[in-house]
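Presented below is the structure to which this report refers.
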Amino acid sequence: MPAVILKKGKERLIHLKHPWIFSGAIEKIENVKQSGETVVVKSFDGKELALGAISLHSQIAVRIWSFDVNQNIDEDFFSKRIQSAIELRNKIINYNQTNVYRVINSESDLIPGLITDVYRDFAVCQFLSAGAEFWKGKIVEILKQKLKLQNIYERSDTDSRRKENLEERIGVLSGNEPPDLVEVIENNLKFLVDIKSGHKTGFYIDQRDNRKILSDFAKDKSVLNCFSYTGGFSIYAHSSKAKSITNIDSSSTALNILLKNFSLNDYSSDKVENIEGDVFNVLRKFRDERRTFDLVILDPPKFAESASQINKAARGYKDINLLAMKILNPGGFLFTFSCSGHITQELFRKIVDDAAIDSGRSVKIIKQLTQSADHPVLSSFPEGLYLKGLVCEVV
Ligand code: SAH
């Protein structure tokens, strides 16, 4: 059987049940014909420790399927793992109110490399690793049967595929091509999602729980939604009767869908203003004009794509947080986020603390936020936590 033999002492990693083995920990690879196939991971002295998928190109050389070496890695194995993932969602998603959710969250659902998001009657998959790619055909069949839907679309257009030497691929895997915009409901609010070319698999599903929390704060407030995308937070603010909503995004495509989303949810146009522009510039302009808001949301894209970008990213986060604090009315609220995995919770806190000092305002953190419950974090895989957020009162 294909095998990976670890360097002396590296079996310790396996005892921590972390699902990755980096190429630097490997002494020798035996009998491997192609990326993605199943290998047995052995200690330096030959003890069998785990089964995983090998990638001959990525720094993450093995992603563990199971720490039980007697397990068969076959269709039945994936069927059970997918079933467990679905059972967790059955406990946390109210499907009558929400038909957009993440059903498989890769490592944290014990299927490294596979993301699956459901949008009404479409499932959208990302096969991020050689192992997930290897099992693609079987996985698609299992998903159709278990999710009781026919339409499966692939959005494997991610950076991680490049690291695995896999080509980007977008297209139908089963059933029908999705329409340009699919209408879904989230907490009974309606949204249009561009599955075929929107960000990620089309929508920021990971912010659902935080959007819900925002709705408790938005009533009668003037709201500024920075990096609004298609208006996730804005529609919640609108539904909880915000006084006004100003959206800023650099993408006209996203703002067009945002407008459509407002129309779907009883739009009243005098309350909404959309600005196509760069958030950094617009916030500076608002500061100079002394324009203020009661509630500001900052949900920027990933500023740190790699560890080498942490310092630059930290400066970016600090800039926008400082500007947001300056334009908040006394007693206003800041919802601030970072989705960069490389920025830790502690560092993000420190950035916001530094911005608070420089702003000259008194800032109280009243809530700490994270990704929604359908984006679980496996206890042995801390990297699974990437979304951090703080709600601050700014006096
Ligand atoms: N909060 C949103 C998701 C935000 S995604 C939701 O809940 O759905 C980040 C958005 O920031 C994208 O729409 C992207 O177009 C936009 N963006 C990226 N850089 C920007 C910049 N410098 N200024 C304005 N918008 C930017």
Query - Residue among Asn96, Asn70 that is surrounded by fewer than 16 Cβ atoms within 10 Å (Cβ to Cβ), modelled with pLDDT of 95 or more and more than 22 Å from Lys144 (Cα to Cα) - result: Asn70
Report summary line: Exactly one of Ile152, Ile185 is outside any helix (DSSP H, G or I) and out of contact with any Gly (no Cβ under 9 Å at 6 or more places or on another chain), and that residue is Ile185
Requested in this report: Name the one entry in Val363, Val352, Val282 that is among the aliphatic types (A, V, I, L, M) and within 15 Å of the ligand (Cβ to nearest atom).
Outcome: Val282
Query raised in the report: Looking at the stretch 124-143, is at least one residue in contact with a strand residue (DSSP E or B) (Cβ under 6 Å, 6 or more places away or on another chain), modelled with pLDDT of 95 or more, of a type in the set (Asp, Glu) and not in a strand (DSSP E or B)?
Result: yes
Report summary line: Log entry, pairs with first residue in the stretch 211-236 being within 23 Å of Asp278 (Cβ to Cβ), second being among the hydrophobic types (A, V, I, L, M, F, W, C) and assigned to a loop (DSSP other than H, G, I, E, B), beta carbons closer than 6 Å, six or more apart or on different chains, reads Val223/Ala242
Report task. Confirm whether Asp180 is away from the ligand (no atom under 15 Å from the Cβ) and either farther than 26 Å from Leu264 by Cβ or among the hydroxyl-bearing types (Ser, Thr, Tyr) (or both). Result -> no
Query raised in the report: When you go through Ala373, Ala324 one by one, which is the residue that is of a type outside the set (Lys, Arg) and in a helix (DSSP H, G or I)?
Result: Ala324
Requested in this report: Taking Ala237 as meeting all but one of (1) assigned to a helix (DSSP H, G or I); (2) more than 19 Å from Asn210 (Cα to Cα); (3) within 16 Å of the ligand (Cβ to nearest atom), write down the number of the exception.
Outcome: (2)
**Report entry** Condition broken by Lys312, with the remaining ones in (1) more than 24 Å from Thr201 (Cα to Cα); (2) assigned to a helix (DSSP H, G or I); (3) within 14 Å of the ligand (Cβ to nearest atom); (4) in contact with a Leu (Cβ under 8 Å, 6 or more places away or on another chain) satisfied
**Finding:** (4)
Report task. Go through Asp109, Asp117 for me and flag whichever is more than 24 Å from Asp68 (Cα to Cα), crowded, with 22+ Cβ neighbours inside 10 Å and touching a residue at least 24 places away in the same chain (Cβ under 8 Å). Result -> Asp117
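Among strands (runs of 3 or more DSSP E) lying entirely in the stretch 12-78, which contain 2 or more residues that are more than 26 Å from the chain's Cα centre (by Cα) and of a type outside the set (Val, Ile, Thr)? Walk me through it before giving the result.
Numbers: elements: 20-22, 26-30, 38-42, 48-54, 60-66.
Correct list: 26-30, 48-54.
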**Report entry** Residue tally, condition buried (at least 24 other Cβ atoms within 10 Å of the Cβ) and either free of Cβ contacts under 8 Å to residues at least 12 places away in the same chain or of a type in the set (D, E, K, R) (or both), over the stretch 120-149
**Finding:** 0
Query raised in the report: Looking at (1) more than 14 Å from the ligand (Cβ to nearest atom); (2) touching a residue at least 24 places away in the same chain (Cβ under 8 Å), which is the only condition Ala324 fails?
Result: (1)
Query raised in the report: Would it be correct to say that Thr253 is near the ligand (Cβ under 9 Å from one of its atoms), in contact with a Gly (Cβ under 8 Å, 6 or more places away or on another chain) and over 21 Å from Tyr317 (Cβ atoms)?
Result: no
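For the stretch 197-221, give me the residue count where each residue is near the ligand (Cβ under 7 Å from one of its atoms) and part of a loop (DSSP other than H, G, I, E, B). Explain how you work it out, then say what you get.
We begin by selecting, within the stretch 197-221, every residue near the ligand (Cβ under 7 Å from one of its atoms); these are 199, 203-204, 207, 211.
Filter again for part of a loop (DSSP other than H, G, I, E, B), leaving 199, 203-204.
Of the residues in the stretch 197-221, 3 are near the ligand (Cβ under 7 Å from one of its atoms) and part of a loop (DSSP other than H, G, I, E, B).
What tally of residues in the stretch 210-233 results from selecting those that are of a type outside the set (A, V, I, L, M), out of contact with any Lys or Arg (no Cβ under 7 Å at 6 or more places or on another chain) and either surrounded by fewer than 23 Cβ atoms within 10 Å (Cβ to Cβ) or within 11 Å of Asp299 (Cβ to Cβ) (or both)? Before you say what the answer is, go through the steps one by one.
Narrowing the stretch 210-233 to residues of a type outside the set (A, V, I, L, M): 210-212, 215-217, 219-222, 225-233.
Restricting the remaining residues to those that are out of contact with any Lys or Arg (no Cβ under 7 Å at 6 or more places or on another chain) gives 210-212, 215-217, 225-231.
So of that shortlist, the ones also either surrounded by fewer than 23 Cβ atoms within 10 Å (Cβ to Cβ) or within 11 Å of Asp299 (Cβ to Cβ) (or both) come out as 210-212, 215-217, 225-229.
Number of matching residues: 11.
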Report summary line: Note: among Leu192, Leu295, Leu224, Leu259, just one is farther than 29 Å from Ala313 by Cβ, outside any helix (DSSP H, G or I) and within 24 Å of the chain's Cα centre (by Cα), namely Leu192
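The values are calculated or read from the model by the stated rules, or taken from the named source; none is laboratory data. Since we're looking at a predicted model, the values are computed, not measured. Backbone-built Cβ (ideal geometry, glycine too); neighbour counts: all protein chains shown.
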